[in-house]
Structure formats: C-alpha cells, structure tokens
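The values are calculated or read from the model by the stated rules, or taken from the named source; none is laboratory data. Treat the numbers as computed from the prediction; the structure is a model and nothing was measured. Cβ coordinates were reconstructed from backbone atoms using ideal geometry, including for glycine residues, and neighbour counts include every protein chain displayed.
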Amino acid sequence: MYNSGLTYFTEQMLYQVPVLLAAILGVVLSLINLKRYRLPALLALVGSAIVIITILLVTSAQSYFYSASFTNAAITNNTYVKIANGVGWLGSFARGLAVTLLIVAIFIDRKRVST
C-alpha cells in the first residue's frame, strides 16, 4: 500500500491538481478585477481561497491520520474510518460553501436588462 503519510499525501495532491489550478486562476482573476467589480471579485476570491485551503487541510489531515493508523496503536481501523469520515464531511461542507460563494459572485451586482 503506502509506506508513509507523505506518499499518501503526494498521491492525493496529484489528484487535486486540476482543481487547485482552477482555484489559483480564480484567485488571480479575482485580484485583477477587485477594483472594477468589488463585491463579485471579493466573493470569488474568498470562494477560491476556501477551495485551496480545504484541499490542503483535508489532504493533510487524511494523510496524518492514515499514517497514524499504522504507527499508533490507539487509532484502530474503526477509529480511523470515523475520523476520515468526519474530515470528509468537513471538507464537503467547506467546498459547498466555496461553490455557493462562487455562484453568488456570478449573479450579485448585475444590472437589470430593460425589456
């Protein structure tokens, strides 16, 4: 399987590269447009930052507990599964918040089209 948590972390981060690149692009574009479209750019900036932070924290936590489940007798398989599920739920909640902010950023401060 994996020799260490670092190997697990590296592999999991490789799977996240497309999302990380999109989030980094979101941060860059938000910063570029911050003066012109203040509120939408700010919401997109926060949403993109949440995506990046969530990926790093969730992957780090999962790697740590994965490694600890082999080296620490106090963390049994059942305990590891519960912890991994909790970390996964927190990550899903954070990603949901980020997507919500990005969606709101699209539609906020739009001018009405007169019909």
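Being assigned to a helix (DSSP H, G or I), aliphatic (A, V, I, L, M) and modelled with pLDDT of 95 or more is true for just one of ALA84, ALA61, ALA98. Which residue is that? So that I can check it myself, show each step before the final result.
Numbers: ALA84 fails: modelled with pLDDT of 95 or more; ALA61 fails: modelled with pLDDT of 95 or more.
ALA98 is the lone residue from the list that is assigned to a helix (DSSP H, G or I), aliphatic (A, V, I, L, M) and modelled with pLDDT of 95 or more.
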Consider SER69 carefully, then state whether it is buried (at least 17 other Cβ atoms within 10 Å of the Cβ), assigned to a helix (DSSP H, G or I), at pLDDT 95 or above and at negative phi.
-> no
Can you name every residue in the range 59-109 that is farther than 23 Å from GLY47 by Cα and touching a residue at least 60 places away in the same chain (Cβ under 8 Å)?
-> TYR66, SER67, ALA68
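A quick yes/no check of all residues on (1) within 18 Å of ASP109 (Cα to Cα); (2) hydrophobic (A, V, I, L, M, F, W, C):
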| position | (1), (2) |
| --- | --- |
| MET13 | no, yes |
| LEU25 | no, yes |
| LEU31 | yes, yes |
| ARG36 | yes, no |
| LEU43 | yes, yes |
Is at least one residue of the range 101-108 surrounded by 17 or more Cβ atoms within 10 Å (Cβ to Cβ), of a type in the set (A, V, I, L, M, F, W, C) and under 22 Å from LEU6 (Cα atoms)?
-> no
Among the numbered criteria (1) within 19 Å of PHE9 (Cβ to Cβ); (2) not in a helix (DSSP H, G or I), which single criterion is violated by ARG110?
-> (1)
Residue under evaluation ALA74, criteria (1) modelled with pLDDT of 90 or more; (2) assigned to a loop (DSSP other than H, G, I, E, B), criterion not met = (1)
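Filter the range 1-48 down to the residues that are polar (S, T, N, Q) and either surrounded by 12 or more Cβ atoms within 10 Å (Cβ to Cβ) or assigned to a helix (DSSP H, G or I) (or both), then identify the one that is modelled with the lowest pLDDT.
Taking the range 1-48 first, the residues polar (S, T, N, Q) are 3-4, 7, 10, 12, 16, 30, 33, 48.
Those still in the list that are either surrounded by 12 or more Cβ atoms within 10 Å (Cβ to Cβ) or assigned to a helix (DSSP H, G or I) (or both) too: 4, 7, 10, 12, 16, 30, 33, 48.
Numbers: SER4: 65, THR7: 84, THR10: 90, GLN12: 89, GLN16: 94, SER30: 96, ASN33: 94, SER48: 98.
Looking at the filtered set, the residue picked out is SER4.
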